[in-house]
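Participant: Attaching a single structure in structure tokens format; questions to follow.
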Amino acid sequence: MQTYLEQELSDLKESEKKLRKENEIKQKRIEILEHNVEALTQAILQAAKQRFGASSEKTSYGDGQLYLFEGEKELPLEEKAETHTVKAHARLKRKSGDKARLIADIPREVVECVLNAEEVCDVCSSPLQVIGKKSVRTELEYIPAKIKVIEYIQHIFKCSTCGTTDDYPDAVFKKAPVPAPVMSRSLASATSVAWIMYQKYAMAVPLYRQEKEWLRMGIDLTRSTMSNWVIQCATFWLKPMCERMREKLITYDIVMSDETTIQCNKEEGRKASSKSYFWLHRNGQYENTPVILFQYTRTRAGENARKFLDGFSGYHISDYSDKKVIPIFGSEALDLHNASECLSE
């Protein structure tokens, strides 16, 4: 028993010596690391001072501090102001009558500024008479858009004779005609959809901004609803009209086409960075009725224009000379690169 305790005590002493030695090694390492941190900190401060600190060793004096060595005080150097030569320009002189021409076709409202009927002379209290009038100023007034709800009430009529006599035993009812809606079971009207389309496609106002504008006017009209209105109305109202215009276009003798690139986002099966094309097809300048149509395609292939102008048998003019890309329509096809040769013949 005594031998076991002595052995245990000896092991504990040995373990203590080992731990003390490890502790001393770690303490020395900590001191070295702290010294390195301090050295690096001073180096960073010195570098920051050299970069951002004052470049002069002169002492700066605050307000109220006297300078002891007046004789040694240096006078500030005069800085030479840089001069730039500005090209002279002539401002156009406003012509007389420009304001009148600007508002010549605008509806006009005249505001008559008159005295109250009770007004009398300040001197003798006699009644006043109008002896003349003059134009003081002219203003342009903007009337913001207004929203109103239109509710259609259909009246149903009944014949007062039919159904009450043996000659006309059956009652006859008749309903008043109601204008066709733009979209069934929808709040959409022709004016509201036209305004949304005009703002988006003519004024480049996205639907999320229009959503905020409608909300400011008191209508919580979401962008998804407006998008559905645009798609449905374009499909059921504008597409048939475009098809009728296409049928009219292919009856002319000359059709001109040109394409330009466009980026279409979130198109199924394509990356957002893919290049798409917008084609413009129109008839000649001197035709009776101008017809101008746009066509969207994924590629620049001439087959797209061939399908769009199917049935055309006149002259097709394009600015691309590769007839594999812009194929011949009908009897002839002209390209602007070879137009002079064609005309010379």
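The values are calculated or read from the model by the stated rules, or taken from the named source; none is laboratory data. Please read all numbers here as calculations on a predicted model, not as lab measurements. Here Cβ is always computed from backbone atoms with ideal geometry, including for glycine, and neighbour counts include all displayed protein chains.
Participant: Determine the pairs where a residue that is of a type in the set (Gly, Ala, Ser), located within the stretch 138-157, has a partner that is assigned to a loop (DSSP other than H, G, I, E, B) and surrounded by 10 or more Cβ atoms within 10 Å (Cβ to Cβ) with Cβ atoms under 8 Å apart, the partner being 6 or more residues away or on another chain.
Facilitator: Every condition considered, the pairs that remain are Ala145/Met217.
Participant: Restricting to the stretch 220-250, name every residue that is surrounded by 13 or more Cβ atoms within 10 Å (Cβ to Cβ) and β-branched (Val, Ile, Thr).
Facilitator: Thr222, Thr225, Val230, Ile250 - these are the residues of the stretch 220-250 that are surrounded by 13 or more Cβ atoms within 10 Å (Cβ to Cβ) and β-branched (Val, Ile, Thr).
Participant: Of the residues Tyr152, Tyr201, Tyr142, which is in the same structural domain as Trp229 (by TED's automatic domain parsing), under 55 Å from the mean Cα position of the chain (by Cα) and within 30 Å of Thr225 (Cα to Cα)? First the steps, then the outcome.
Facilitator: Details: Tyr152 fails: in the same structural domain as Trp229 (by TED's automatic domain parsing); Tyr142 fails: in the same structural domain as Trp229 (by TED's automatic domain parsing).
Result: Tyr201 is the single residue among Tyr152, Tyr201, Tyr142 that is in the same structural domain as Trp229 (by TED's automatic domain parsing), under 55 Å from the mean Cα position of the chain (by Cα) and within 30 Å of Thr225 (Cα to Cα).
Participant: Residue pairs, Cβ under 6 Å, 6 or more apart or interchain, first in the stretch 269-294 and assigned by TED's automatic domain parsing to the domain that holds Lys307, second assigned to a loop (DSSP other than H, G, I, E, B) and of a type outside the set (A, V, I, L, M). List them.
Facilitator: Ala272/Asn265; Ser276/Cys264; Ser276/Arg298; Tyr277/Arg300; Asn283/Tyr252; Glu287/Tyr252
Participant: Pick from the stretch 301-312 the residues that are surrounded by fewer than 17 Cβ atoms within 10 Å (Cβ to Cβ) and touching a residue at least 24 places away in the same chain (Cβ under 8 Å): which of them is nearest to Glu259 (Cα to Cα)?
Facilitator: Initially, the stretch 301-312 is screened for residues surrounded by fewer than 17 Cβ atoms within 10 Å (Cβ to Cβ), giving 301, 303, 306-307, 310-311.
Those left that are additionally touching a residue at least 24 places away in the same chain (Cβ under 8 Å): 301, 303, 310-311.
Details: Ala301: 10, Glu303: 13, Asp310: 18, Gly311: 20 Å.
Only one residue fits best here, namely Ala301.
Participant: If you don't mind, another one. Please tell me if Ser227 is of a type in the set (S, T, N, Q) and not in a helix (DSSP H, G or I). Steps first, please.
Facilitator: Details: of a type in the set (S, T, N, Q): yes; not in a helix (DSSP H, G or I): no.
No: the conditions fail for Ser227.
Participant: Would you please list the contacts, defined by Cβ atoms under 9 Å and residues six or more apart or on different chains, that run from a residue in the stretch 178-202 that is at pLDDT below 95 to a residue that is assigned to a helix (DSSP H, G or I) and surrounded by fewer than 12 Cβ atoms within 10 Å (Cβ to Cβ)?
Facilitator: Pairs that qualify, where the first residue is at pLDDT below 95 and the partner is assigned to a helix (DSSP H, G or I) and surrounded by fewer than 12 Cβ atoms within 10 Å (Cβ to Cβ), are Val182/Phe236; Met183/Phe236.
Participant: Moving on. What about Val86, is it of a type outside the set (Gly, Ala, Ser) and either modelled with pLDDT of 85 or more or closer than 30 Å to Ser192 by Cα (or both)?
Facilitator: Criteria not met by Val86.
Table: residues versus (1) surrounded by 10 or more Cβ atoms within 10 Å (Cβ to Cβ); (2) in contact with a strand residue (DSSP E or B) (Cβ under 9 Å, 6 or more places away or on another chain); (3) free of Cβ contacts under 8 Å to residues at least 12 places away in the same chain.
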| site | (1), (2), (3) |
| --- | --- |
| Lys95 | no, no, yes |
| Ala104 | no, no, yes |
| Leu115 | no, no, no |
| Ser126 | no, yes, yes |
| Gly132 | no, no, yes |
| Val136 | no, no, no |
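Participant: Report every pair of residues separated by at least 6 positions or lying on different chains whose Cβ atoms are under 8 Å apart, first residue within the stretch 204-216 and touching a residue at least 12 places away in the same chain (Cβ under 8 Å) and of a type in the set (Ser, Thr, Tyr), second surrounded by 13 or more Cβ atoms within 10 Å (Cβ to Cβ) and assigned to a helix (DSSP H, G or I).
Facilitator: Pairs that qualify, where the first residue is touching a residue at least 12 places away in the same chain (Cβ under 8 Å) and of a type in the set (Ser, Thr, Tyr) and the partner is surrounded by 13 or more Cβ atoms within 10 Å (Cβ to Cβ) and assigned to a helix (DSSP H, G or I), are Tyr208/Arg223.
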